[in-house]
Amino acid sequence: MATGPRGGANRTGPHREALSTAPGAVGTEDTRLVVIRGNSASGKSSVAAGLRTEFGRNLAIVGQDNLRRTVLRERDRPMAANIGLIDLTARYALDHGFHVVVEGILYADHYGPMLRDLVRAHRGVTRCYYLHVPYAETLLRHATKPDAEYLQQVTEDHLRDWYREKDLLPDALETVIDPASTLEATVQQILRESGLDHVLPVDR
């Protein structure tokens, strides 16, 4: 697949007239919702960035770290405000014709009810993924991060406290991707299974 926006076939804008008026329904039959979860250093943000690079414009990335840590500067606790903000941001983007990638650790007990409601409400194709990386591999990947300040702030003790082994959502909502899958292979799998590889980007 060629990298970046696909030339010569961009639409001028989303079909907002297709939005459902049913209570709770979000997006359209044409929008795509992708949820990517996993432990720290599992590659979530890299996969999300790879999807955007491959797809082009009109794909919104709703990152847990950005909304929780940067926007709200909030601790990750049950019933925290960032849970609703992630939900509202994803729904707003879907209702305005964006395809959406929600990514983060997103612990199942904290974020599971919100994510299940979002999946049920979305009118288009939804695919959920869990990037499974064993703890030992998590430590190795963390050590390769180029941000020295982040490495000082986030220690092995933090990673040990945060790590949860296959913290999957109920009802078999997620496809588990093991660490043997390369970044490129994972991006291509998600593009294919979500149908984004057959959707044209919108030149906003």
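In table form, for the structure just shown:
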item: Proximal charge balance of Lys166 [Cβ under 12 Å; K/R count +1, D/E count -1]; result: -2
item: Inter-label distance for Asp178 and Asp157, nm, one decimal - labels placed 7 Å from Cα along Cα-to-Cβ; result: 3.4 nm
item: Stretchable slack from Lys166 to Ala136, in nm (0.36 nm times residue separation minus alpha-carbon distance); result: 9.4 nm
item: Nitroxide proxy distance, nm - points 7 Å out along Cα→Cβ at Glu29 and Glu74; result: 3.6 nm
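Every read-out reported here was derived from the displayed coordinates using simple, explicitly stated rules and does not represent laboratory data. Just so it is clear, the structure is predicted and the values come from calculations on it, not from any experiment. Here Cβ is always computed from backbone atoms with ideal geometry, including for glycine, and neighbour counts include all displayed protein chains.
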